[in-house]
1. Every residue in segment 76-113 that is open to solvent by less than 40 Å² (accessible area, probe 1.4 Å) and either small (Gly, Ala, Ser) or under 30 Å from Lys189 (Cα atoms) (or both), please.
2. Looking at segment 209-234, which of the residues that are part of a helix (DSSP H, G or I) and under 13 Å from the mean Cα position of the chain (by Cα) is farthest from Arg13 (Cα to Cα)?
3. Consider segment 211-221. How many of its residues are open to solvent by less than 60 Å² (accessible area, probe 1.4 Å) and touching a Ser or Thr at 6+ places or on another chain (Cβ under 9 Å)?
4. Yes or no: Lys90 under 26 Å from Arg211 (Cα atoms) and of a type outside the set (Val, Ile, Thr)?
5. In a strand (DSSP E or B), of a type in the set (A, V, I, L, M) and either open to solvent by 40 Å² or more (accessible area, probe 1.4 Å) or modelled with pLDDT under 90 (or both), is that true of Val116?
6. Can you pull out the residues in segment 119-137 that are assigned to a strand (DSSP E or B) and open to solvent by 60 Å² or more (accessible area, probe 1.4 Å)?
7. Kindly indicate whether any position in segment 18-39 is open to solvent by 40 Å² or more (accessible area, probe 1.4 Å), part of a strand (DSSP E or B) and touching a strand residue (DSSP E or B) at 6+ places or on another chain (Cβ under 8 Å).
8. Determine whether His73 is open to solvent by less than 60 Å² (accessible area, probe 1.4 Å), farther than 30 Å from Arg176 by Cα and touching a residue at least 24 places away in the same chain (Cβ under 8 Å).
Amino acid sequence: MGSCCFCHLNERRRVGILLSKFDGLPTEEHIPDGNPRKLIGMSYPASEVGILHHPREGYPCIWYEIKVYEIRHWKEHQEDQNGAFRYVDKQRAEVIYSSQEGSKFWLSSGSARLLVNVKNAEQSKISTTHNVTFPGLPYGAYLSNNLDNFLRSFNRKDDVFGGGLMPYHTDTACERYSYNYEIRWIPMKERIAILGKCTCRGERPSLTVLRPESLKRKFLVENDWSKQVISIWNQETKGHGALFISNNDRDIKTVPVKEISKKASIGSIKGLASEMASKAFIDDMKGSLSSPETGLFSGNTGDSQSCSKRHSVII
């Protein structure tokens, strides 16, 4: 039961919990050793071609999600505690369309930049402060082809045409329908935090997806990860892997390099002392987390790519 206490959390909360476990670094401090890193920087278009646009406003984005809801309204005849009958307004919302769109972009905080690709919706775990619900059905010149095709063939139940300018239509059965749509997005050229794996192919450093085995036992011991947080990690990174992205203020703070180096030294000393004390915890976790699906304690050290430029900061 304890391992499922976070199951009810939405994606924003789960992403926030995982990002809080890592120190934020500027992109200049990326180390392509295959270990998880939380890097902070501004997003810039990777190309002038194929820029993703906000589906309603049209300005450049690195990612957005859109959901269209059909809301059924009706009146229900109910008896109150005094035995009197009255009509009570009821409604139920159903998601009738949902999609995510992502792009390739550069993440940079100064002299170094890394390529990031969030085109795969299954690999993008997003926490964003930009979340707005609009009345009616989506319209405009920047809708995706899939959404545009859906709207062209959709048989709306409110008998309203012309962009959903009226909220609903009421029939004689006291039943009516209305529509709204929710957009979550992260604009281009905004300061963000990304938790991913630093790799380097040739001269182009990148942030790529993390998998359950990307976390090493030493890191878990030194940072006191609970079973519940490890469970969130495994759920979010299994399958296709995941990149974690946030523009929340608490997630985009960087830690000075000197402080990180000091914490790393103290952590190494504490790690030696706590590893034996935590051995029982690790042994207990092996049974539930070293399955073929997670491979968390399989001993896999992950990818280790080398760049022509070496970095002296060791975490």
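1. Within segment 76-113, Gly83, Tyr97, Ser99, Gly102, Ser103, Phe105, Trp106, Leu107, Ser108, Ala112 meet the criteria.
2. Ranking the candidates gives Trp233 first.
3. Summing the residues that are open to solvent by less than 60 Å² (accessible area, probe 1.4 Å) and touching a Ser or Thr at 6+ places or on another chain (Cβ under 9 Å) in segment 211-221 gives 7.
4. no
5. In short, no.
6. Passing the criteria: Asn131, Thr133, Pro135.
7. The answer is no; no qualifying residue exists.
8. no
The values are calculated or read from the model by the stated rules, or taken from the named source; none is laboratory data. As the structure is a computational prediction, the values presented were derived from the model and not from experiment. Glycine also receives a Cβ, built like all others from the backbone with ideal geometry; neighbour counts cover every protein chain displayed. Heads up: the accessible areas ignore ligands, DNA and RNA and are worked out on the full protein's heavy atoms, side chains in. Shrake-Rupley method; radii C 1.70, N 1.55, O 1.52, S 1.80 Å.
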